[in-house]
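To start, I am sharing the structure in question, which I have written as structure tokens.
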Amino acid sequence: MTEHVDLLEGLRTTPARRYLADTPIPDDVLWELLDTAVRGPSGGNRQTWGWVVVTDPAVKARIAEHYRQGWEKIYGVRREELLDPARDGAADGLSPASFRAADHLAYHLAEAPVFVVPVLRNGADSTDKRLGGSIYGAVQQLLLAARARGIGGVLTSLHLITGEREVDELLGLPADAATMGLVPLGYPVRGRWSTPRRQPVEQVVHWERWGEHRSRG
């Protein structure tokens, strides 16, 4: 079902959704989301991207295994520390609730009915820090279009820590292609569309030069 929301409201209330049902996403809806994604910004309108859609359970399972390994290597080994209730509101942003959601995704990733893998050609050997600017805006449009259809997701990349080469081969990517992340999509089974907690805008916006702040009045 399409959810009609004001544009600004949608932009402000589309958090990462990590508790996803295995309910299939209809093909016509998926095509709509992808068509919306490719209307997003592309540096110089070069459109050197590709979008690999994965629904095969066997392929998803192999990618998910690499994702779990990456999760455990970076965050899972800190499970006891990160689940400490005293961390709620911690400066690094990873609260116990956030950890539980991310941990759930790591162990249930393959249940998401669709993986969308954003790819950039001529990016495999790039060290350009601006590389993601040619596709991440389009990825956000994918997530916003999904939100309009009641579908949740998140841009993540932990599978690249231990399995980038294997995943590239598994997906048959050209040698020059760079995997820019992974977007699992599914109908949310927990949580809600809400405004994510962020630092006050007055603290992170600088006027004319760094360190110069203004109140909103």
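The values are calculated or read from the model by the stated rules, or taken from the named source; none is laboratory data. Keep in mind it's a predicted model, so treat the numbers as computed, not measured. We place every Cβ from the backbone using ideal geometry, glycine too, and count neighbours over all the protein chains shown. Keep in mind that these areas ignore ligands, DNA and RNA; they rest on the heavy atoms of the full protein, side chains included. Shrake-Rupley method; radii C 1.70, N 1.55, O 1.52, S 1.80 Å.
Could you grab me the full set of residues in the stretch 148-169 that are touching a strand residue (DSSP E or B) at 6+ places or on another chain (Cβ under 9 Å) and either among the acidic types (Asp, Glu) or more than 16 Å from residue 20 (Cα to Cα) (or both)?
Hits for the stretch 148-169 are 157, 158, 159, 160, 164, 167, 168.
Just a yes or no: is a residue in the stretch 120-130 modelled with pLDDT under 95, part of a loop (DSSP other than H, G, I, E, B), open to solvent by less than 40 Å² (accessible area, probe 1.4 Å) and over 22 Å from residue 64 (Cβ atoms)?
The answer is yes, given that some residue of the stretch 120-130 is modelled with pLDDT under 95, part of a loop (DSSP other than H, G, I, E, B), open to solvent by less than 40 Å² (accessible area, probe 1.4 Å) and over 22 Å from residue 64 (Cβ atoms).
For the stretch 159-169, what are the residues that are touching a Gly at 6+ places or on another chain (Cβ under 7 Å) and either part of a strand (DSSP E or B) or open to solvent by less than 30 Å² (accessible area, probe 1.4 Å) (or both)?
Scanning the stretch 159-169 gives a single hit, 159.
Can you find, within the stretch 193-213, the residue that is least open to solvent (accessible area, probe 1.4 Å) among those that are among the charged types (D, E, K, R) and at pLDDT 95 or above?
So, considering only residues that are among the charged types (D, E, K, R) and at pLDDT 95 or above, the one least open to solvent (accessible area, probe 1.4 Å) is 202.
Still on this structure, please answer the following. Take the residues in the stretch 26-72 that are at pLDDT below 95 and at negative phi, then tell me which one is most open to solvent (accessible area, probe 1.4 Å).
Selected residue: 46.
Could you tell me how many of the residues in the stretch 184-217 are out of contact with any Pro (no Cβ under 6 Å at 6 or more places or on another chain) and closer than 30 Å to residue 57 by Cα?
9
Condition first: in a strand (DSSP E or B) and closer than 22 Å to residue 127 by Cβ. Can you find one or more residues in the stretch 170-178 that meet it?
The answer is yes, given that some residue of the stretch 170-178 is in a strand (DSSP E or B) and closer than 22 Å to residue 127 by Cβ.
Here are some residues: 152, 76, 133, 123. Which one is over 20 Å from residue 185 (Cα atoms) and under 15 Å from the mean Cα position of the chain (by Cα)?
Sole residue among the options that is over 20 Å from residue 185 (Cα atoms) and under 15 Å from the mean Cα position of the chain (by Cα): 133.
Within the stretch 8-28, can you find the residues that are farther than 24 Å from residue 104 by Cβ and in contact with a helix residue (DSSP H, G or I) (Cβ under 9 Å, 6 or more places away or on another chain)?
Matches in the stretch 8-28: 10, 11.
Among the residues of the stretch 73-103, write down those that are in contact with a Phe, Trp or Tyr (Cβ under 9 Å, 6 or more places away or on another chain), closer than 14 Å to residue 158 by Cα and at pLDDT 95 or above.
Listed by number, the residues that qualify are 102, 103.
Continuing with this model, one more query. Testing residue 190 on (1) in a loop (DSSP other than H, G, I, E, B); (2) surrounded by 17 or more Cβ atoms within 10 Å (Cβ to Cβ); (3) over 16 Å from the mean Cα position of the chain (by Cα); (4) not hydroxyl-bearing (Ser, Thr, Tyr), one condition comes back false. Which one is that?
All conditions pass for residue 190, except number (2).
Given the criteria acidic (Asp, Glu) and either more than 23 Å from residue 189 (Cβ to Cβ) or assigned to a helix (DSSP H, G or I) (or both), does residue 35 qualify?
yes
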